[in-house]
Structure formats: structure tokens, C-alpha cells
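Only the coordinates and a few stated rules stand behind these numbers; no lab work does. In this text the structure is predicted, and so the values were computed from the model without any measurement. Virtual Cβ from ideal backbone geometry, glycine too; neighbours counted across all protein chains shown.
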Amino acid sequence: MNRPDGPHDTGEEPVSAMDIVATVSHELRSPLTSIKGYTALLLNRWDVLDDDRKQFMLAQVAQDADRVTRLLNELLDISRLETGRLSLRRAMVDLQALAADVVAKVGLAAPELEATVTFPADFPEVYVDGDKLTQVLTNLVENAVKYADPTGVRISGELADGEVAVAVSDRGEGIAAEDLAHVFDRFFHADEGRPSGTGLGLWISRGLVEAHGGQLTAESQPGRGSTFRFTLPTGEFERIHGEG
Ligand code: ADP
């Protein structure tokens with residue numbers, strides 16, 4: 001069943017406290033266990049560990065601390081989206097530059113990323129919250145790396161009637177039709193066996209795009225890759241900006 005699961009759908013049940021508790025305890029336990037284990041080893045065996053081992057363990061601790069921070073930020077986003085308290089800090093933003101920035105940052109953590117950024121020359125600046133759209137694009141590019149093929153990622157700017165759009169395409173395995181209907185559901189993972197996050201990334205991204213008055217959609221051809229596309233209405237920000 002393809003049940004839209006965006007925060008703006010009327011009649012949607014808010015995410016239940018039990019869902020949150022279950023997911024958060026599960027997701028926090030693993031990095032905290034690892035941080036505890038490595039710090040205990042470092043404290044107890046500092047004198048006998050060589051520098052490479054110490055370096056490796058400290059890098060793991062830093063990575064796990066990042067995971068915890070990310071989870072807490074996702075929880076804050078959920079709470080803001082659920083309660084309608086998300087506020088946008090709009091400014092004129094060059095989405096092509098923003099996309100190039102995202103590719104550079106994701107590439108630091110995932111050097112295997114090979115991505116192209118292509119925007120039409122007349123693509124306008126848009127009146128949006130740059131941090132929120134950075135978060136959306138980062139989620140889409142990281143997903144292409146995690147779940148698809150890091151070597152064939154394309155970010156394209158598109159112009160259509162009254163709207164601009166940004167599409168992130170990959171050349172991965174694609175998403176089966178029955179999974180595609182659920183990728184925006186909270187806590188959804190298409191393949192439980194593969195390493196992944198909380199299953200909240202796309203749900204939050206859709207909420208952030210909808211808060212701008214746009215839409216985030218996915219299409220996929222199994223075996224040939226997927227495209228995630230978000231639209232932003234231009235009329236609204238041109239008017240707001242014109243008034244400013
Ligand atoms: P998480 O935050 O755990 O990474 P998301 O909400 O971002 O989860 O994504 C939900 C699920 O959608 C993923 O677990 C994965 O199964 C699927 N998915 C997302 N992006 C892609 C992609 N580019 N190719 C294939 N599957 C994807």
C-alpha cells in the first residue's frame with residue numbers, strides 16, 4: 001500500500017513515543033557500546049598499544065560520537081516537523097554552489113564518491129533555507145553512496161513552469177516497486193540486512209522540502225538506478241524577495 005507519510009498529510013498519526021524509544025535505544029546502544037569499549041581499552045592499555053592502534057580507536061570513537069549527534073539532530077527535526085515548529089531561515093541561495101559543497105563534504109567521508117553537478121545557465125537563485133536544503137541534498141547523496149553506486153551520482157538542476165527542481169540520480173540496483181512505495185515512511189529500510197541508519201532520513205527530508213512548499217519524490221527502475229527529485233515553487237520566493 002502506498003501510504004504517503006509526510007508530516008503535512010492530514011490525519012497522519014504522530015510518531016508514537018514507543019516507536020521513538022525503541023528506535024533511539026537501539027540506535028544509541030551500538031555507538032555507545034563501541035565508545036565505552038575503545039575508551040576502556042585506551043585507558044587500561046595505553047602503554048602497550050602502538051600509535052596506529054591508538055589512532056584507529058580514537059577515529060572510531062570520533063565516528064561513533066558523530067553517529068550519536070546525528071541521531072539526536074534527527075530527533076529534534078522530527079519533533080519540530082511533528083509540532084509544526086520548524087522555522088525556515090530564508091535567504092537567496094545558489095543551489096548549484098550548494099550542491100557542489102555537498103558533494104565535496106560527502107566526498108571527504110566517502111572518497112569513492114564520483115558525482116557530477118549540472119545546472120542550466122539560467123537557473124535562478126532561490127529564496128530558501130540553505131542549511132535545510134543542504135541537509136536534504138546530503139541525505140540524498142549519502143543514500144546514493146550507501147544504498148546504490150557511489151561512482152555514478154548526478155545532481156541536476158531543472159527548470160519547469162513556475163518551479164525549479166533538483167534531481168539526484170544514481171546508477172545503483174534501483175528500488176523494487178513495493179519498496180519504492182515506502183521509502184518515505186518513518187523507520188523504513190528496504191533491506192534489513194544491509195548497513196544503514198535509522199530509516200528517518202528520507203522522511204525528514206520530505207518534511208523539510210514540504211516546509212518550503214515543494215515536493216520530494218522518488219522514481220526507480222530496478223537494475224538501472226533511482227532518481228530522487230525535489231521541487232521548489234518559484235512564485236512564492238520571487239514575491240517574498242521582491243517585497244523585501
Ligand atoms: P536512513 O536514514 O536509514 O539512511 P532513509 O530514510 O534515508 O534511511 O532511506 C530509507 C531506505 O530507502 C533505505 O534504507 C534504503 O533501503 C532505501 N533507499 C534510499 N535511497 C536509496 C537509493 N538511492 N537507492 C536504493 N535504495 C535507497
- May I ask you to list the residues in the range 200-225 that are free of Cβ contacts under 8 Å to residues at least 60 places away in the same chain and either within 9 Å of the ligand (Cβ to nearest atom) or surrounded by fewer than 21 Cβ atoms within 10 Å (Cβ to Cβ) (or both)? 213, 215, 217, 218, 219, 220, 221, 222, 223, 224
- Residue that is farthest from residue 198 (Cα to Cα) [pool: residues in the range 153-183 that are out of contact with any strand residue (DSSP E or B) (no Cβ under 7 Å at 6 or more places or on another chain) and in a loop (DSSP other than H, G, I, E, B)]: 161
- Task: Among the residues of the range 117-140, write down those that are farther than 26 Å from residue 152 by Cβ and of a type in the set (Phe, Trp, Tyr).
- Result: 127
- Scope the range 152-174; condition hydroxyl-bearing (Ser, Thr, Tyr) and within 13 Å of the ligand (Cβ to nearest atom); matching residues: 169
- Mind counting the residues in the range 17-55 that are without any contact (Cβ under 8 Å) to a residue 60 or more places away in the chain and surrounded by 13 or more Cβ atoms within 10 Å (Cβ to Cβ)? 15
- Name every residue in the range 140-165 that is among the polar types (S, T, N, Q) and buried (at least 20 other Cβ atoms within 10 Å of the Cβ), in order of residue number. 143
- Test set (1) assigned to a helix (DSSP H, G or I); (2) touching a Phe, Trp or Tyr at 6+ places or on another chain (Cβ under 6 Å); (3) not acidic (Asp, Glu) - residue 141 fails condition number: (2)
- List every residue pair whose Cβ atoms sit under 6 Å apart, with the two residues 6 or more apart in sequence or on different chains, where the first one lies in the range 141-158 and is under 16 Å from residue 191 (Cα atoms) and the second, anywhere, is part of a loop (DSSP other than H, G, I, E, B). 144/170; 145/110; 145/113; 148/170; 148/172; 149/170; 149/171; 149/172
- Message: Can you tell me which of (1) more than 27 Å from residue 28 (Cβ to Cβ); (2) away from the ligand (no atom under 16 Å from the Cβ) is the one residue 133 doesn't meet?
- Response: (2)
